[in-house]
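Please read the structure below before turning to the comments.
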Amino acid sequence: MSALLNPNMASTFPPPVMEARRWLDGVRFPNDQPLINVSQAAPVDPPPAEMRAAMAEFVLNDDGAHLYGPVLGLPELRAKVAEDWSASYGGPVASENIAITSGCNQAFAATIATLAAEGDEVILPTPWYFNHKMWLDMGGIVSVPLQTGAGLLPCAHEAVKLITSKTRAIALVSPNNPGGVEYPAETLEAFRDLCRAHKIALIVDETYRDFDSRTGAPHSLFQDTDWDDTLIQLYSFSKAYRLTGHRVGAMIASPARLFQAEKFLDTVAICPNQLGQRAALWGMENLNAWLADQRLEILDRAQAIRDGFPELEQLGWTMEGCGAYFGWMSHPFDMASDALAQKMVKDIGVLCLPGTMFVPEGDRTGETALRIAFANIDRSGIEQLFKRLVRLSV
């Protein structure tokens with residue numbers, strides 16, 4: 001039977017979140033120590049009640065919510081994204097630059113489909129977002145690791161050393177998954193200049209842009225009137241409006257590239273989820289104040305992580321990055337993080353992902369790291385998390 005399996009698929013590692021969930025099999029958690037799940041970076045709460053009411057109206061009264069729609073997405077939603085992006089980034093973005101996708105992962109897949117073929121290369125800073133690595137592996141595209149420096153920041157001067165005749169793109173995530181780091185504007189601009197000089201694409205995944213701690217535009221990339229000759233931005237509505245189950249994302253790029261991406265999107269899903277698109281548009285039109293409050297709550301949780309960390313620091317832990325939904329921590333134990341993460345489930349009732357899931361095989365930096373996704377635990381939950389981590393022993 002193995003002869004019938006695509007070797008690229010066979011060599012792709014299993015989905016990390018699903019693999020980690022299997023560590024829970026057979027484990028019973030006492031009432032005084034329920035599971036603290038900080039493994040997945042997705043809100044578990046449903047959309048706000050007002051949005052759900054609007055969605056119910058769409059289901060009952062909008063026939064278009066049940067039919068195929070344009071492959072590149074609802075025209076009204078594309079226009080609204082273009083309007084808001086032009087205002088928030090201070091640069092020209094038109095509806096023709098917007099494709100709505102079935103989640104941000106599909107936006108990445110569509111982007112790569114337009115850029116790279118088997119044997120080509122894409123540069124990914126490490127620790128990398130594992131789904132980006134998985135998609136490249138499935139396509140036989142080589143992921144070239146770019147080791148990040150202090151503060152988990154990638155450096156364009158180091159990246160240039162990795163560019164070859166097969167390089168098609170550099171993919172960045174800011175705010176970063178898994179590190180939580182917000183890339184400075186000058187970092188992104190340096191990568192834009194590098195990619196433009198080498199005629200390769202710069203992919204910037206801004207799934208977590210709504211929870212950036214900075215005010216104003218986080219970068220000036222869209223203020224470049226020729227931005228779409230190099231930049232491809234990705235976005236997710238799932239985190240902003242809790243629409244994870246409805247799968248709505250976006251790809252922002254040149255009209256010529258979206259013309260090519262349309263082939264991929266039509267073949268894979270025909271059109272994005274119609275109900276999810278309508279909900280996203282309704283959210284953009286009606287939930288600005290609610291989203292601002294959600295941002296403040298996430299920023300407060302990030303601060304709670306920083307506030308609670310000194311006690312761990314005294315025990316030899318190091319905070320490498322913290323922001324958006326994530327804390328990236330180095331532990332002091334003489335045990336690889338994949339084994340430690342499984343031990344944590346049984347010993348202290350904490351499920352998180354080990355750094356080994358975010359780096360190439362053999363990269364020792366992953367063995368000392370843990371990713372803590374704190375989107376679904378409040379300050380009280382974070383306090384309990386730290387109490388358990390303090391008593392962790394090997």
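The values are calculated or read from the model by the stated rules, or taken from the named source; none is laboratory data. None of these values were measured; they are calculated from a predicted model. Backbone-built Cβ (ideal geometry, glycine too); neighbour counts: all protein chains shown. With ligands, DNA and RNA removed, areas are computed over all heavy atoms of the protein, side chains included. Shrake-Rupley method; radii C 1.70, N 1.55, O 1.52, S 1.80 Å.
When +1 charges are put on Lys and Arg Cβ atoms and -1 charges on Asp and Glu Cβ atoms, the dipole computed for the stretch 211-270 relative to its Cα centre reaches about 420 debye. Of all lysines in the structure, those lying under 16 Å Cα to Cα from K161, and not within fewer than 8 positions of it along the same chain, are K199.
In the full protein context, the stretch 240-394 carries 41 Å² of accessible surface per residue, based on a 1.4 Å probe and ignoring ligands, DNA and RNA.
Taking T148, T267 and ordering them by how much accessible surface each has at a 1.4 Å probe, largest first, produces T267, T148.
Mind putting a number on the dipole of the chain about its Cα centre? Charges go on the C-beta only, +1 for Lys and Arg and -1 for Asp and Glu, and I need it in Debye to the nearest 20.
Rounded to the nearest 20 debye, it is 740 debye.
Taking every protein chain into account, the 1.4 Å probe leaves M357 with about 20 Å² of accessible area, to the nearest ten. Per residue, the stretch 88-222 exposes 33 Å² of solvent-accessible protein surface, assessed with a 1.4 angstrom probe and all protein chains in place.
Here, the chain yields an orientationally averaged convex hull projection of 20.4 nm² when only Cα atoms define the hull. Legend: residues V59, V390, V350, V268, sorted from most to least accessible area (1.4 Å probe; ligands, DNA and RNA excluded), read V268, V59, V390, V350.
For the chain, modelled as a GNM whose springs connect Cα atoms under 10 angstrom apart, the maximal fluctuation among F264, F29, F108 occurs at F29.
Separation of the stretch 41-95 and the stretch 311-340, taken as the distance between their Cα centroids, equals 38 angstrom. In the assembled protein chains, T187 presents an accessible area of approximately 20 Å² (probe radius 1.4 Å).
Placing unit charges on the Cβ atoms only, positive for Lys and Arg and negative for Asp and Glu, gives the stretch 144-290 a dipole magnitude near 460 debye about its Cα centre. When trypsin sites (Lys or Arg not before Pro) are flagged only if DSSP places them in a loop and at most 12 other Cβ atoms lie within 10 Å, the longest unflagged stretch of the chain comes out as 215-390. Between N273, N31, N376, the GNM of the chain built on Cα springs shorter than 10 angstrom shows N31 fluctuating the most.
Pop out the carbon and sulfur fraction of the accessible area of the stretch 306-394 as a percent, whole number, probe 1.4 Å. Write out the running numbers ahead of the final one.
Details: 1580 of 3690 Å².
C and S atoms contribute 43 percent here.
Among D338, D32, D228, the residue with the largest mean-square fluctuation in a Gaussian network model of the chain, with springs joining Cα atoms closer than 10 Å, is D32. Once all protein chains are placed together, V93 keeps about 10 Å² accessible to a 1.4 angstrom probe. Think of it as helices only: each DSSP H run of n ≥ 4 in the chain is worth -39500 (n - 2.57), and spread over all residues that comes to -12000 deg cm²/dmol at 222 nm. Cross-link check: pairs K343/K387; K239/K387; K133/K346; K346/K387; K133/K387; K80/K239 evaluated at a Cα-Cα cut-off of 22 Å; pairs beyond the cut-off: K239/K387; K133/K346; K133/K387.
Considering only protein heavy atoms, with the full assembly of protein chains and a 1.4 angstrom probe, order M335, M329 by accessible area, largest first.
Working: M335 55, M329 0 Å².
Largest accessible area first, the residues go M335, M329.
Hey, got a sec? Which GluC sites (Glu not before Pro) in the stretch 301-379 land in a DSSP loop and have at most 10 other Cβ atoms within 10 Å?
Details: sites: E311, E313, E320, E361, E367; in loops: E361.
Here the GluC sites (Glu not before Pro) that fit, given the DSSP loop and packing criteria, are E361.
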